[in-house]
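Structure, as structure tokens:
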């Protein structure tokens, strides 16, 4: 096993090196780096299984190393060894990409606990799975709201090793949730059955149960279920069964949305759960419902198109920072920060999402068009079709504007002000052509509620 240790304190790096060689259950070869530049050089030239990294180091902190691992899709487990936690710096250390956190200064206990993850068997647990199987992620939020394990659940300890941690039907409460979060675990895994229909039936029943929870806000249901279905698609690909689950869930969501009279400023008190893509889907859909109602386009068929398009718009994007990009102009401003593979993936993602949606049976007309046109701009400089404000249909324009507003609200956070949004995107021409009606509705969001 090859382990990279990135630590700028000479004495501490030697201690960690000694500890991993002493505690780990298999032969370990260590590589040492005193900063992120040296660490990335090691990653470039060697096959590394595990990286243990400090946060504060000269020449760039540990998140630079993690970013390199993520951007290059390296099968390397990352461990943060620092006084700061992944929860304190979620943008730098996404919780799903950090295997474990060693809390300094107690590196002895930290490395010992880390080594236990790699042992082939724990006396209090079932044996580690090391088989040619597919495991499907299930978010902790999802399991918590179900209040029990929907099936046998496993914790992932490497790309090919899974440890059973809960039997199907076992209760799962707040204490269990807190226990896993404290270990920087946000997802558990269910073993994909040989019959895929069994898996989809299982998740479909669980999703239906969540949608019927009267004490759970709609935005929480939407975010959690979106994340779960997207994980399923990522690991198993799109199938007729998953398409059916998605359409049914969107139908239920739209039915509830259309019955709720959301205020123009409803997002001010909105608690959006989960990761950014699911937050974006939720907010985008809800904003669209406000605008279509103001424009008297508020049929459930129209909202189904907009909500399903929001669900799938970024389904093939793996880089979170690119999901946050407003439009093509914004992308050109930050393009230099990305490699050729990431750039191509971003430019192609409307086409890829379009290709997925057209495989689904019983999809109304216009949805594929809305998805394809999600990043067009008023002046025709967007992509992929270079359509301008007069060539785009009103529904596509509404979808684009609500997506811009949702990103603006999420990206700005506490600094968000609707007037700033109006000024920024009016200057870019989003108040012209077929954007005009939707833009004027959003512009009135600045007015006091009657």
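Please treat every number below as a calculation from the coordinates, not as lab data. Bear in mind that the values here come from a model prediction, so they are computed numbers and not experimental data. No Cβ is skipped: glycine too gets one built from the backbone with ideal geometry, and neighbour counts run over all protein chains shown.
For the chain, with a Gaussian network of springs between Cα atoms less than 10 Å apart, report the residue from 143, 28, 79 with the top mean-square fluctuation.
28
Taking 0.36 nm per residue of separation and subtracting the Cα-Cα distance, what length does fully extending residue 419 through residue 329 add?
Full extension from residue 419 to residue 329 adds 30.4 nm.
Mind listing the Cα extents of the range 370-430 along all three principal axes, in Å, largest one first?
35, 22, 17
How compact and how long is the range 2-117, expressed as Rg and Dmax of its alpha-carbon atoms in Å?
Rg, Dmax (Cα atoms, Å): 12.6, 34.
Tell me the Kirkwood hydrodynamic radius of the range 222-361 in angstroms, computed as one over the mean inverse distance between distinct C-alpha pairs.
For the range 222-361, the Kirkwood estimate is 16.1 Å.
State the extension gain, in nm to one decimal, for the chain segment bounded by residue 29 and residue 174, taking 0.36 nm per residue of separation less the distance between their alpha-carbons.
Length difference between fully extended and current span is 48.3 nm.
Using the 10 angstrom Cβ neighbour count as an exposure proxy, how do 400, 52, 15, 134 rank, fewest first?
The fewest-first ordering by Cβ neighbours comes to 134, 15, 400, 52.
How large is the translational diffusion coefficient of the chain in µm² per second when you combine the Kirkwood radius over alpha carbon pairs with Stokes-Einstein at 4 °C and 1.567 mPa s?
55
Starting from the 7 Å offset along Cα-to-Cβ, what nm value, one decimal, do you get for the label separation of residue 300 and residue 22?
Reported label-point gap for residue 300 and residue 22 is 6.6 nm.
Relative contact order for the chain: what percent, with Cα pairs under 8 Å and sequence separation of 6 or more?
Relative contact order comes out at 9 percent.
What percentage of all Cα-Cα pairs in the range 295-375 are separated by more than 20 Å?
In whole percent, the long-distance tail amounts to 37.
Taking the beta-carbon count within 10 Å as an exposure proxy, list 320, 283, 405 from fewest neighbours to most.
320, 283, 405
Antiparallel DSSP bridges in the chain: what percent, to the nearest 5?
45
Sum -39500 (n - 2.57) across every DSSP H segment of at least 4 residues in the chain, then divide by the residue count to get the 222 nm mean residue ellipticity, nearest 500.
Helices in the chain give a 222 nm mean residue ellipticity of -15500 deg cm²/dmol.
Based on Cα positions only, what radius of gyration and what Dmax would you give for the range 342-445, in angstroms?
Considering the range 342-445 through its Cα atoms, Rg and Dmax are 14.4, 42 Å.
Could you grab the Rg to Rh ratio for the range 343-392? Cα atoms only, Kirkwood for Rh.
Checking Rg against Rh, the ratio lands at 1.01.
Quickly work out the residue 1-to-residue 112 label distance, labels modelled 7 Å from Cα along the C-beta direction, and quote it in nm with one decimal.
1.7
Quick one: length gained pulling residue 436 to residue 181 fully straight, 0.36 nm per residue minus the C-alpha distance?
Once the chain is fully extended between residue 436 and residue 181, it gains 87.3 nm.
Based only on other Cβ atoms within 10 Å, what is the fewest-to-most ordering of 222, 303, 174, 238?
In order of increasing Cβ crowding within 10 Å: 174, 238, 303, 222.
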